[in-house]
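The structure under discussion appears below in the form of C-alpha coordinates.
The values are calculated or read from the model by the stated rules, or taken from the named source; none is laboratory data. All values derive from a computational prediction rather than experimental measurement. Here the Cβ positions follow ideal geometry from the backbone for every residue, glycine too, while neighbour counts run over all protein chains shown. Note: accessible area is taken over every heavy atom of the protein model, side chains too, but ligands, DNA and RNA are not part of it. Shrake-Rupley method; radii C 1.70, N 1.55, O 1.52, S 1.80 Å.
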Amino acid sequence: VRIRDACEHFLDSSAESGKRAQALVAAAFDLVFDDVRTAKVFDPSRKLPGDVQAFHKLDPVVAVEVRAKPVTYSDAVHFVRCVSAAGFPHAVIAGLASVDSEVQRMSREVWSQTGVFVTVYAQFSDILLDALAWSRRPLHQLLAQFPKDVVARLTQLEVKIGSMALWGELVSQTTAV
(Lines give C-alpha, C1' and ligand atoms only; values in the text may rest on other atoms or scores of the structure.)
Protein backbone atom coordinates (compact mmCIF):
# COMPACT_ATOMS: atom_id res chain seq x y z
CA VAL A 1 0.00 0.00 0.00
CA ARG A 2 1.29 3.46 -0.86
CA ILE A 3 1.07 6.35 1.61
CA ARG A 4 -1.00 8.44 -0.79
CA ASP A 5 -3.50 5.58 -1.17
CA ALA A 6 -3.71 5.33 2.62
CA CYS A 7 -4.40 9.07 2.78
CA GLU A 8 -7.13 8.88 0.14
CA HIS A 9 -8.79 5.96 1.97
CA PHE A 10 -8.53 7.88 5.25
CA LEU A 11 -10.37 10.83 3.69
CA ASP A 12 -13.06 8.70 2.06
CA SER A 13 -14.56 7.10 5.10
CA SER A 14 -15.79 9.43 7.81
CA ALA A 15 -18.12 12.00 9.21
CA GLU A 16 -14.86 13.54 10.46
CA SER A 17 -13.60 14.06 6.91
CA GLY A 18 -13.11 17.81 7.51
CA LYS A 19 -10.86 17.26 10.51
CA ARG A 20 -9.03 14.45 8.75
CA ALA A 21 -8.46 16.58 5.65
CA GLN A 22 -7.22 19.51 7.71
CA ALA A 23 -4.81 17.26 9.66
CA LEU A 24 -3.39 15.71 6.48
CA VAL A 25 -2.89 19.09 4.82
CA ALA A 26 -1.25 20.60 7.91
CA ALA A 27 1.05 17.58 8.20
CA ALA A 28 2.01 17.88 4.51
CA PHE A 29 2.87 21.55 5.04
CA ASP A 30 4.89 20.55 8.14
CA LEU A 31 7.22 18.74 5.73
CA VAL A 32 8.05 22.03 4.00
CA PHE A 33 7.65 24.85 6.53
CA ASP A 34 8.96 25.29 10.07
CA ASP A 35 5.98 27.33 11.31
CA VAL A 36 2.64 25.79 10.31
CA ARG A 37 -0.44 26.78 12.24
CA THR A 38 -3.91 25.32 12.35
CA ALA A 39 -6.82 25.64 14.73
CA LYS A 40 -9.75 23.44 15.55
CA VAL A 41 -12.39 23.17 12.87
CA PHE A 42 -14.99 25.93 13.29
CA ASP A 43 -12.83 27.80 15.82
CA PRO A 44 -14.73 31.09 16.35
CA SER A 45 -11.65 32.92 17.61
CA ARG A 46 -9.68 32.33 14.41
CA LYS A 47 -7.98 35.53 13.28
CA LEU A 48 -6.16 34.18 10.25
CA PRO A 49 -7.71 33.22 6.92
CA GLY A 50 -8.11 29.56 6.07
CA ASP A 51 -7.63 26.37 8.01
CA VAL A 52 -3.84 26.09 7.76
CA GLN A 53 -1.26 28.86 7.57
CA ALA A 54 2.49 28.72 6.99
CA PHE A 55 4.97 31.39 8.04
CA HIS A 56 8.65 32.04 7.46
CA LYS A 57 9.95 33.55 10.66
CA LEU A 58 6.98 35.83 11.37
CA ASP A 59 6.17 36.62 7.75
CA PRO A 60 2.98 35.09 6.31
CA VAL A 61 3.72 32.80 3.37
CA VAL A 62 0.60 30.80 2.52
CA ALA A 63 -2.96 30.37 3.79
CA VAL A 64 -4.82 27.18 2.96
CA GLU A 65 -8.56 26.63 2.82
CA VAL A 66 -9.24 22.91 3.29
CA ARG A 67 -12.61 21.67 2.11
CA ALA A 68 -13.96 18.15 2.38
CA LYS A 69 -17.09 19.43 0.63
CA PRO A 70 -17.47 21.06 -2.81
CA VAL A 71 -15.73 24.41 -3.34
CA THR A 72 -17.65 27.02 -5.32
CA TYR A 73 -16.27 29.99 -7.20
CA SER A 74 -17.79 32.50 -4.77
CA ASP A 75 -16.29 30.59 -1.79
CA ALA A 76 -12.88 30.67 -3.44
CA VAL A 77 -12.97 34.36 -4.34
CA HIS A 78 -14.08 35.29 -0.83
CA PHE A 79 -11.23 33.26 0.66
CA VAL A 80 -8.62 34.84 -1.62
CA ARG A 81 -9.83 38.33 -0.70
CA CYS A 82 -9.45 37.44 3.00
CA VAL A 83 -5.96 36.08 2.30
CA SER A 84 -5.04 39.33 0.56
CA ALA A 85 -6.40 41.46 3.41
CA ALA A 86 -4.34 39.43 5.92
CA GLY A 87 -1.13 40.00 3.94
CA PHE A 88 -0.50 36.47 2.67
CA PRO A 89 1.04 36.38 -0.82
CA HIS A 90 -0.11 32.82 -1.61
CA ALA A 91 -3.47 31.08 -1.19
CA VAL A 92 -4.06 27.37 -1.55
CA ILE A 93 -7.52 25.96 -2.04
CA ALA A 94 -7.54 22.29 -1.14
CA GLY A 95 -10.93 21.15 -2.38
CA LEU A 96 -10.66 17.51 -1.49
CA ALA A 97 -14.27 16.65 -2.32
CA SER A 98 -14.71 18.52 -5.59
CA VAL A 99 -13.73 21.81 -7.13
CA ASP A 100 -15.95 23.83 -9.43
CA SER A 101 -14.33 24.16 -12.88
CA GLU A 102 -14.47 27.96 -12.55
CA VAL A 103 -12.34 27.73 -9.40
CA GLN A 104 -9.67 25.89 -11.38
CA ARG A 105 -9.51 28.81 -13.84
CA MET A 106 -9.68 31.67 -11.35
CA SER A 107 -6.01 32.04 -10.43
CA ARG A 108 -5.11 34.53 -13.19
CA GLU A 109 -8.18 36.63 -12.55
CA VAL A 110 -7.67 36.97 -8.80
CA TRP A 111 -3.93 37.55 -9.20
CA SER A 112 -4.63 40.73 -11.15
CA GLN A 113 -7.27 41.83 -8.62
CA THR A 114 -5.56 40.94 -5.34
CA GLY A 115 -1.87 40.22 -5.98
CA VAL A 116 -2.35 36.81 -4.35
CA PHE A 117 -0.97 33.75 -6.13
CA VAL A 118 -3.57 30.96 -5.99
CA THR A 119 -2.97 27.23 -6.21
CA VAL A 120 -5.97 24.89 -6.44
CA TYR A 121 -5.83 21.21 -5.55
CA ALA A 122 -8.62 18.74 -6.16
CA GLN A 123 -7.02 15.77 -4.43
CA PHE A 124 -4.78 15.32 -1.43
CA SER A 125 -2.19 13.15 -3.15
CA ASP A 126 -1.13 16.14 -5.28
CA ILE A 127 -0.55 18.22 -2.14
CA LEU A 128 1.52 15.45 -0.58
CA LEU A 129 3.61 14.90 -3.71
CA ASP A 130 4.31 18.64 -4.01
CA ALA A 131 5.29 18.84 -0.34
CA LEU A 132 7.67 15.93 -0.77
CA ALA A 133 9.20 17.66 -3.80
CA TRP A 134 9.52 21.09 -2.11
CA SER A 135 11.07 19.91 1.13
CA ARG A 136 14.79 20.26 1.71
CA ARG A 137 14.99 16.96 3.60
CA PRO A 138 15.67 13.50 2.13
CA LEU A 139 12.62 11.55 0.98
CA HIS A 140 13.14 8.64 3.39
CA GLN A 141 13.09 11.07 6.33
CA LEU A 142 9.92 12.73 5.06
CA LEU A 143 8.14 9.41 4.60
CA ALA A 144 9.06 8.42 8.15
CA GLN A 145 8.02 11.80 9.57
CA PHE A 146 4.72 12.37 7.76
CA PRO A 147 2.64 9.69 9.55
CA LYS A 148 3.87 11.02 12.92
CA ASP A 149 2.99 14.59 11.92
CA VAL A 150 -0.49 13.41 10.95
CA VAL A 151 -0.95 11.84 14.40
CA ALA A 152 0.11 15.11 16.06
CA ARG A 153 -2.34 17.10 13.90
CA LEU A 154 -5.18 14.62 14.47
CA THR A 155 -4.58 14.92 18.20
CA GLN A 156 -4.54 18.71 17.98
CA LEU A 157 -7.85 18.68 16.09
CA GLU A 158 -9.36 16.25 18.61
CA VAL A 159 -10.52 13.54 16.25
CA LYS A 160 -12.32 10.50 17.59
CA ILE A 161 -10.37 7.45 18.67
CA GLY A 162 -11.70 5.54 15.65
CA SER A 163 -10.02 8.00 13.30
CA MET A 164 -6.72 7.62 15.14
CA ALA A 165 -7.00 3.83 15.02
CA LEU A 166 -7.79 3.82 11.31
CA TRP A 167 -4.82 6.09 10.55
CA GLY A 168 -2.52 3.79 12.53
CA GLU A 169 -3.85 0.75 10.71
CA LEU A 170 -3.49 2.36 7.27
CA VAL A 171 0.06 3.63 7.72
CA SER A 172 1.26 0.40 9.28
CA GLN A 173 0.66 -1.19 5.88
CA THR A 174 2.46 1.44 3.75
CA THR A 175 5.61 0.67 1.85
CA ALA A 176 6.00 3.53 -0.66
CA VAL A 177 4.83 7.02 -1.66
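What's the FRET efficiency of Asp130 with Ala97 using the Cβ-Cβ distance as r and R₀ = 22 Å, to the nearest 0.05?
0.70
In the structure displayed, which of Lys19/Lys47; Lys19/Lys57; Lys47/Lys148 lie more than 24 Å apart, Cα to Cα?
Cα-Cα > 24 Å for Lys19/Lys57; Lys47/Lys148; rest within.
Which order do His90, His56 take by accessible area at a 1.4 Å probe, largest first?
If we order His90, His56 from most to least accessible, we get His56, His90.
So which aspartates and glutamates can Lys160 reach, going by Cα to Cα under 13 Å and dropping same-chain residues fewer than 8 places off?
Glu16
Take each complete run of DSSP H in the chain, measure how far its Cα atoms stretch along the helix's own axis, and keep only those covering 20 Å or more with mean Kyte-Doolittle hydropathy at least 0.0; list them.
Membrane-span-like by this criterion, though nothing is claimed about a membrane: 139-156.
How big is the dipole moment of region 77-135 about its Cα centre under a simple scheme where the beta carbon of each Lys and Arg is +1, that of each Asp and Glu is -1, and everything else is neutral? Debye, nearest 20, please.
Approximately 160 debye in magnitude.
Restrict the search to region 26-84; then list the chymotrypsin sites (Phe, Trp or Tyr not before Pro) that DSSP places in a loop and that have at most 14 other Cβ atoms within 10 Å of their Cβ.
Phe42
Among DSSP bridges having both ends in the chain, what percentage is antiparallel? Round to the nearest 5.
40
Take Glu169 and Gln113, extend 7 Å from each Cα along the Cα→Cβ direction, and tell me the distance between the two endpoints in nm.
Result for the modelled spin labels: 4.5 nm.
Given +1 on the Cβ of Lys and Arg, -1 on the Cβ of Asp and Glu, and no further charges, what dipole in debye does region 14-82 carry about its Cα centre, rounded to the nearest 20?
220
With +1 on each Lys and Arg Cβ and -1 on each Asp and Glu Cβ, and nothing else charged, work out how big the dipole of the chain is about its Cα centre, in Debye to the nearest 20.
Here the size comes out at about 260 debye.
Explain nothing, just the number: relative contact order of region 1-121, from Cα pairs under 8 Å at least 6 residues apart, as a whole percent.
Dividing the mean separation by the residue count of region 1-121 yields 19 percent.
Which trypsin sites (Lys or Arg not before Pro) in region 1-100 pass both tests, a DSSP loop state and at most 16 other beta-carbon atoms within 10 Å?
Sites meeting the loop and neighbour criteria: Lys40, Arg46, Lys47, Lys57.
As a check on your grasp of the helix formula, calculate [θ] at 222 nm for the chain: sum -39500 (n - 2.57) over DSSP H runs of n ≥ 4, divide by the residue count, round to the nearest 500.
After summing the helix terms and dividing by the residues of the chain, the value is -15500 deg cm²/dmol.
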